[in-house]
1. Filter region 222-240 down to the residues that are out of contact with any Cys (no Cβ under 9 Å at 6 or more places or on another chain) and of a type outside the set (D, E, K, R) and list them by number.
2. Please go through region 45-81 and pick out each residue that is assigned to a loop (DSSP other than H, G, I, E, B) and over 30 Å from A159 (Cβ atoms).
3. Of the numbered conditions (1) surrounded by 21 or more Cβ atoms within 10 Å (Cβ to Cβ); (2) away from the ligand (no atom under 15 Å from the Cβ), G261 fails exactly one; give the number of that condition.
4. All but one of (1) touching a Lys or Arg at 6+ places or on another chain (Cβ under 9 Å); (2) closer than 24 Å to D87 by Cα; (3) open to solvent by less than 30 Å² (accessible area, probe 1.4 Å) hold for R237; state the number of the condition that does not hold.
5. Please verify whether I286 is at pLDDT 95 or above and open to solvent by less than 20 Å² (accessible area, probe 1.4 Å), treating the condition exactly as stated.
6. From the list L78, L86, which one is open to solvent by less than 30 Å² (accessible area, probe 1.4 Å), closer than 18 Å to G147 by Cβ, modelled with pLDDT of 95 or more and in contact with a Pro (Cβ under 6 Å, 6 or more places away or on another chain)?
7. Here is a check on your reading of the model: is K160 crowded, with 17+ Cβ neighbours inside 10 Å, in a loop (DSSP other than H, G, I, E, B) and more than 17 Å from the chain's Cα centre (by Cα)?
8. Looking only at region 57-75, filter to residues that are in contact with a Ser or Thr (Cβ under 7 Å, 6 or more places away or on another chain) and of a type in the set (V, I, T); which one of those is least open to solvent (accessible area, probe 1.4 Å)?
Amino acid sequence: MLNPGGRGKSILPALIVHGGAWDIPEHLQQDSIEGCRKATRRGWEVLTLGGSAVDAVEAAVRVLEDDPTFDAGQGAVLTCAGAIELDAIIMDGSDLNLGAVIGVQRVRNPVTLARVVMTESEHAILAGEGAEAFAKRSGLDLVPNSGFAVEREKQRWQAKRAEGQPREDLSKGHPGDTVGAVALDLSGHLAVATSTGGTFYKHPGRVGDSPLVGCGAYADDWSGAVSATGRGESLMRVVISKSVCDLMYRGMTAQEAADAGIGLLARRTPGQGGLIVLGKRGDIGIAHNTPYLAHAYVKGNEIIGGVLKIPDGRHT
Ligand code: GLY
């Protein structure tokens with residue numbers, strides 16, 4: 001392997017992706033695993049060809065956004081008004097630069113817009129129509145909002161609407177099955193990207209943890225990189241991604257920090273979630289207190305993918 005950092009040791013790249021932590025129904029589990037594996041393959045290709053960690057997480061998350069299995073881009077959940085509102089973030093651990101977009105309705109790949117906000121604008125976060133105008137000026141693909149909605153989600157929305165419950169009750173019990181990726185490149189730099197359609201039947205304008213720096217994602221070459229998934233209203237209360245990076249900065253491994261982050265979430269909030277974590281040397285951490293977490297990562301040159309099931313009786 002290359003050693004551009006001159007640190008005296010070769011740097012092995014690393015990559016983990018997730019397709020959401022929630023109660024993944026059996027009929028979606030195989031597609032979730034395949035989708036995560038495909039995204040990992042794409043991100044790994046980028047890393048091994050010498051691409052940056054930022055290139056790799058963007059490429060991996062684009063695959064997940066284009067896959068109708070997941071709640072991001074194609075296949076995203078609908079708001080109670082029947083529209084799709086997408087959020088995304090990308091962060092470069094080498095200089096802590098970041099870009100995020102909130103509530104975009106027509107941008108095919110919100111993660112790419114987040115990257116363009118990071119690199120081509122003087123801002124960190126753009127929302128709504130202003131974000132879409134910036135996407136248009138930047139030459140990104142725009143699609144009609146109805147183009148994101150898949151039959152599965154339309155039917156789910158119609159069924160909920162027919163129940164006629166108050167809006168607040170309808171959004172409970174449906175964790176967001178956000179997607180994300182964390183990567184370490186050959187130069188020893190870390191990056192993270194997270195993208196989501198948010199929670200099912202959310203109020204128009206609702207924003208979860210995903211596009212909020214330190215909540216849905218954080219990357220810092222001095223500590224590690226984290227992408228979060230689950231109930232945004234709870235994840236943001238404990239600023240989970242930055243909290244986990246801080247634990248690694250103080251010496252925890254990626255797995256210890258991931259477990260501690262989910263432990264904090266479980267003890268201090270009513271919400272459930274999951275985390276994928278890379279330490280600054282590429283050690284892997286994965287934790288969740290949802291029934292399942294769809295994920296894939298690279299071990300050696302092999303892609304390992306699965307829907308981790310929380311062991312019976314385990315209480316994080
Ligand atoms: N974690 C995704 C959301 O709550 O919007």
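The values are calculated or read from the model by the stated rules, or taken from the named source; none is laboratory data. Note that this is a predicted model, so its numbers are computed, not measured. Note that each Cβ is placed from the backbone with ideal geometry, even for glycine, and that neighbours are counted across all protein chains shown. The accessibility values were calculated without ligands, DNA or RNA, using every heavy atom of the protein model including side chains. Shrake-Rupley method; radii C 1.70, N 1.55, O 1.52, S 1.80 Å.
1. Residues satisfying the conditions are S227, T229, G230, S234.
2. Within region 45-81, L49, G50, G51, S52 qualify.
3. Exception for G261: condition (2).
4. (3)
5. no
6. From the options L78, L86, the qualifying one is L86.
7. The answer is no for K160.
8. Per the criteria, the residue is V61.
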